[in-house]
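S.K.: Okay, here's the structure, questions in a sec.
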Amino acid sequence: MYYTDKKLQFPVEVEKPNPVFARMLQQAIGGVEGEIRVCMQYFFQAWGARGPVKYRDMLLNTATEEIGHIEMLATAVALNLEKAPVSLQEEISADPLAGAVLNGMDMRHILSTGLAAMPTDANGMPFDMSHIYASGNLAADMYCNVAAEATGRALAVRLYNATDDSGMKKMLAFNIARDTMHQQQWLAVLEEMGPSHLPIPNSFPQSEENLDYSYKFFISTLEGVGDQADQPWTSGPAPDGKGTFEAFVNRPLGPEPNLGFGRPDTYGQKEQALGTAAGLKEKGKDLIDRVTQSL
């Protein structure tokens, strides 16, 4: 069960309404870096959480906080749309400034919402939940959460630098600070778990993986190791303390794939299929070519 309050989590004030900035703010609501994404991600991680209840509680608290962030941003969008031109009357179209505003706006702020926010990104694309990561593995989810907060903070910083409105800067400075906190809390979980949480999932016995390749960094450039020599990921101990990194110049470890010739009932061309004269002829040529190449 969830509760709401009439008051905003943090003050949202707009000194100079800017409909174009309203469109930019939409990215922080419904973009892949936005608040809907992290809100739903944390909720679904919490709702499926197994294990120590403290992690579920932490996720629920932060997911609920993110609802408040969506509310703040939706309010900011609406306030920035207060003086938006809503008509293509001749006097507006003749005004270069008004025309520029109209050209930069999302028209659905006029047509679909009556000057209010939408659950979309800055291009008007609805957030479709495809970027919600809730794997049921605590460590994997924490890394996903760090990445989500990192990209969200980068977006908030860009928005902060895109406006000279002091009210918007204050709101965004708050959001940036909360992104800082959220990054740190997810990292604190990983730190609490210690290096033994790697590799993820640590519940699978490493003895069953191909240990010959567990700590090799594959080099796939023609010049070989080059500037990848003696890097933290090509030499020295791995973060999990269970192996040593090594540079490995990539080479084929398996044979050339050969799917052979098809069945007639898959309806490729006759030259592709067994059971046809053309297919048998082509298969004979193919075998000769392969034998010749292997000599």
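The values are calculated or read from the model by the stated rules, or taken from the named source; none is laboratory data. This one's a predicted model, so the numbers in the text were calculated from it and none came from an experiment. Methodologically, a virtual Cβ is constructed for each residue, glycine included, from the backbone with ideal geometry; neighbour enumeration extends over all protein chains shown.
S.K.: Pick from the stretch 239-275 the residues that are without any contact (Cβ under 8 Å) to a residue 24 or more places away in the chain and among the aliphatic types (A, V, I, L, M): which of them is surrounded by the fewest Cβ atoms within 10 Å (Cβ to Cβ)?
M.R.: So, considering only residues that are without any contact (Cβ under 8 Å) to a residue 24 or more places away in the chain and among the aliphatic types (A, V, I, L, M), the one surrounded by the fewest Cβ atoms within 10 Å (Cβ to Cβ) is Leu259.
S.K.: In the stretch 128-159, what residues are under 12 Å from the mean Cα position of the chain (by Cα), at pLDDT below 95 and either surrounded by fewer than 16 Cβ atoms within 10 Å (Cβ to Cβ) or of a type in the set (Phe, Trp, Tyr) (or both)?
M.R.: Here is the first cut: in the stretch 128-159, the ones under 12 Å from the mean Cα position of the chain (by Cα) are 129-133, 143-152.
Still in the list and also at pLDDT below 95: 129-131.
Hits for the stretch 128-159 are Met129, Ser130.
S.K.: Got a sec? Which of Leu155, Leu159 is touching a Leu at 6+ places or on another chain (Cβ under 7 Å) and more than 30 Å from Phe248 (Cβ to Cβ)? Spell out the reasoning first.
M.R.: On the way: Leu155 fails: touching a Leu at 6+ places or on another chain (Cβ under 7 Å).
That would be Leu159, the only listed residue that is touching a Leu at 6+ places or on another chain (Cβ under 7 Å) and more than 30 Å from Phe248 (Cβ to Cβ).
S.K.: Could you identify the single residue in Gly124, Gly114 that is loosely packed, with under 11 Cβ neighbours inside 10 Å, part of a loop (DSSP other than H, G, I, E, B) and modelled with pLDDT of 90 or more? It would help to see each step written out before you state the result.
M.R.: Values: Gly124 fails: loosely packed, with under 11 Cβ neighbours inside 10 Å.
Sole residue among the options that is loosely packed, with under 11 Cβ neighbours inside 10 Å, part of a loop (DSSP other than H, G, I, E, B) and modelled with pLDDT of 90 or more: Gly114.
S.K.: Out of contact with any strand residue (DSSP E or B) (no Cβ under 7 Å at 6 or more places or on another chain), closer than 30 Å to Glu191 by Cα and not in a loop (DSSP other than H, G, I, E, B): does that describe Asp289?
M.R.: Answer is no for this residue.
Here is a yes/no grid of residues against (1) in contact with a Pro (Cβ under 9 Å, 6 or more places away or on another chain); (2) among the basic types (Lys, Arg); (3) under 30 Å from Arg56 (Cα atoms):
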site	(1), (2), (3)
Met193	no, no, yes
Tyr213	no, no, no
Ser235	no, no, no
Asp240	yes, no, yes
Glu246	no, no, no
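S.K.: Only one of these conditions is not met by Leu102: (1) buried (at least 18 other Cβ atoms within 10 Å of the Cβ); (2) at pLDDT 95 or above; (3) farther than 20 Å from Asn61 by Cβ; (4) not aromatic (Phe, Trp, Tyr). Which number is it?
M.R.: In the conditions (1) buried (at least 18 other Cβ atoms within 10 Å of the Cβ); (2) at pLDDT 95 or above; (3) farther than 20 Å from Asn61 by Cβ; (4) not aromatic (Phe, Trp, Tyr), Leu102 misses (2) alone.
S.K.: Among Pro11, Pro17, which is the only one that is within 29 Å of Gly104 (Cα to Cα), in contact with a Leu (Cβ under 7 Å, 6 or more places away or on another chain) and in a loop (DSSP other than H, G, I, E, B)?
M.R.: Pro17
S.K.: Next question. Give the residues of the stretch 52-68 that are free of Cβ contacts under 8 Å to residues at least 12 places away in the same chain and within 15 Å of Ala134 (Cα to Cα), sorted by residue number.
M.R.: Arg56
S.K.: Test Ile176 against the criterion of being under 29 Å from the mean Cα position of the chain (by Cα) and not assigned by TED's automatic domain parsing to the domain that holds Thr62, and give yes or no.
M.R.: No; evaluated as a whole, the condition is false for this residue.
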